[in-house]
Each structure stands twice: as structure tokens, then as C-alpha cells.
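This report refers to the structure that appears directly beneath it.
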Amino acid sequence: MDAQEIKEEFAGNSHDDYLSVRNCFIFGEPIGFFEPLTALQQQDSPLRAPLDTFGQNLGSALLVGSIPFQFAHSNVLNVRFNQLLAAESIRALKFVEPGKGLDQAAEQLAREVAQKRMNEELADKSIIDRHANNTLRQSHFHSAAPDLRASSEELLRQVLVMSWGAFETVANDLVRLLLNLKPILVQDARQGRPYKDVLNARNLLDGLESARFNLADCMGDFLSSLVSLDSLEKMQTAAQVIFGSAVLDACLKDARLWLIAQQRHLIVHRRSVVDERYRERTGDLTAVGNKLTFDAAYVEQSMSVLRDIGCLLYSSACGRLSALA
């Protein structure tokens, strides 16, 4: 039994308890989430490493978000395994002299038989359904407790922050690697801020000295040391002057991406506490002073947005590299 089987089992369940649980927790990897990345990874490219790291970082975010489910899921399975093990141990005692316990070999045999029975049960759809029911029931118990509910809300916020971090990292890594491979692109980079603000004589001299007066294969390292793409606005500039993709430029202006950036900023810099500026910028109706909250479905949707635009960043960088070949 895995997260996906639980999601499928209760996808159409309208019971309030189950709806509440699905809103509070991420249940593993969404169906087909990594397919866009996998498709791009089928083709070799000098820019492949940032894409691989992007996928790993998104996977880590999903793994962190799934921790409550994993605990509930493991507990349900452990309880059932211990029941089976106890039953097998009792059966084994029939062959032991009264007053004596099982020796090590008998205990190991009982454990192996219990594991075999457990595996057989997990191949039975009706038993999978029962375990899924118990997992969601236990998850609902946790979501109903105020302190645990607050913890699940914080976890979802941090998953959003981690996902944005994965997106920011792939953007920076692609620019750095692309400029290392094609340093001539620095001529395009200096056409937009903030690049033109830092490409002055003093910075260039410092960069040349640190690279022993040879930037031919480390122009990206040099420029990335001066400019970090740590805001959506800087990413948009990079898309315009380095990647040269109108499609990417439009996607980086997507309202959903902009909202995720604002939410991430509030979480990181305001401890998720809504202020008037955030309300004015986003139209969010959350009362000033309250914490920003999301349901799991929104976090998964936001991760999909970041994944898709991250993949487009990669495709655009590959296209730019090919055009300069």
C-alpha cells in the first residue's frame, strides 16, 4: 500500500473527515508529477545537471510534506504486522516446552512467516482499502488536534518555500552554466538591470584577478557572484537578455507565479503573518495579523506551476545554447 493507493481510494469520498484530511496533508507524489522532467531528461545536454538537481529538490519538498502521512501510514502497517507476529509466535509456542519461551531461531521463523502473511494481505484490494481507511482515520485524528493542525499548516508553508527555493536554484544554475559555456552572452546580459549595474570596471577587474585573468570558462561563475536571481523581477530580466525567449518571458509574468513569490516572501520575511502591504498587493482577504494558510491541493498546484516554468527555463537555456553552437 502506498500514498497513491490511498489517494485513489478516497478521491471521490465527500465525507467531511476525509475532505479535511486531504486538505491538511500531502499524500506522497501527485500522479505524473515528474513526467515533464523525465521527458526532458531523456535527451543529453551540457545543461542537464541543473535539471536533475531541480527534480531532486522538488522531490525533497514532497517528501517533507508527506511526513505526517508516512507516520500514520507506517503506524497502521506496524500495528497490523505486530498482530500477525504475535499470532505466529503463539502458534510457535505449541512446540515449546511449557514455561520456556521461543529461542532465536523460532523467533526469526515467526517473523518471516508474519512478513509473508503481511505481503499476501497487501496484495488484497479489500485489505488495502481497510489500511487506507485506518491511515486516513489516524490522519484525521491528528488534523483535529489544534497543535497538530498548526504544525501541518506550517509544514505546508515550508513545502511552498522549499519548492520556490528549487525554482530559484534551477534559474541561477542555468544562467551560471550557460554563461560558462557561452561567455559571449555577457554582451546580452549587460543590456538589462541588474547586470549592467554590476558590470563595471572595478567588478570586472576583481573578477579577472580571482580567475587569474581568464574568464573564458567561468564567466557564469563570475556574473553569478555579482548577481543572484533571488527575485522574480531578476529572473524576468535574465529571461529577456540571456535566454532570449518570448514564451519564457510571458510565463515568468504568470499571475500564479507572481502570487507564489509574494507568499514565499511573506513566509520567509514576515513569519507568514499577513500585513496590509501583502493584502494590497495580492487582494488576499486574510485579516492583518493572521497567518497565511494553504490547503494541500494549493501547494501541489503551486509546485506544478514551478515545475512547468522550471522545465521551460531549462528548454529555453538549451535552445539558446544550440543557437550559439
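Before moving on, here are some points about what is shown:
- Listed by first and then second residue, the pairs with beta-carbon distance under 8 Å, at least 6 apart or on different chains, first residue in region 76-97 and touching a residue at least 60 places away in the same chain (Cβ under 8 Å) and in the same structural domain as MET118 (by TED's automatic domain parsing), second part of a helix (DSSP H, G or I) and of a type in the set (S, T, N, Q), are VAL76/ASN134; VAL76/THR135; VAL76/GLN138.
Condition check ((1) surrounded by 13 or more Cβ atoms within 10 Å (Cβ to Cβ); (2) modelled with pLDDT of 95 or more) across all residues:
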residue	(1), (2)
GLY55	yes, yes
LEU58	yes, yes
LEU62	yes, yes
SER66	yes, no
SER74	no, no
ILE90	no, no
PHE95	no, no
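- Pairs, first assigned by TED's automatic domain parsing to the domain that holds LEU156 in region 299-311, second of a type in the set (Asp, Glu) and surrounded by fewer than 22 Cβ atoms within 10 Å (Cβ to Cβ), C-beta under 9 Å, six or more apart: VAL305/ASP254; ILE309/ASP254
- Every residue from region 285-325 that is in a loop (DSSP other than H, G, I, E, B) and either within 17 Å of the chain's Cα centre (by Cα) or farther than 27 Å from PHE27 by Cα (or both): LEU285, ALA287, VAL288, GLY289, PHE294, ASP295, LEU324, ALA325
- Number of positions in region 93-133 that are among the β-branched types (Val, Ile, Thr) and either touching a Ser or Thr at 6+ places or on another chain (Cβ under 9 Å) or not in a helix (DSSP H, G or I) (or both): 1
- Search result, residues across region 208-224 that are exposed (fewer than 15 other Cβ atoms within 10 Å of the Cβ) and either at pLDDT 90 or above or among the acidic types (Asp, Glu) (or both): GLU209, ASP217
- Residue match in region 148-157 (condition: of a type outside the set (Asp, Glu), out of contact with any strand residue (DSSP E or B) (no Cβ under 9 Å at 6 or more places or on another chain) and under 24 Å from SER231 (Cβ atoms)): yes
- All of (1) of a type outside the set (Val, Ile, Thr); (2) in contact (Cβ under 8 Å) with a residue 40 or more places away in the chain; (3) in the same structural domain as ASN82 (by TED's automatic domain parsing) hold for GLY165 with one exception: (3).
- Residue match in region 221-232 (condition: touching a residue at least 40 places away in the same chain (Cβ under 8 Å) and aliphatic (A, V, I, L, M)): yes
- Scope region 225-272; condition surrounded by 20 or more Cβ atoms within 10 Å (Cβ to Cβ) and among the charged types (D, E, K, R); matching residues: LYS234, ARG264
The values are calculated or read from the model by the stated rules, or taken from the named source; none is laboratory data. On a predicted model such as this, the values are computed, not experimentally measured, just so you know. With ideal geometry, Cβ positions are generated from the backbone for all residues, glycine too; neighbour counts draw on all protein chains shown.
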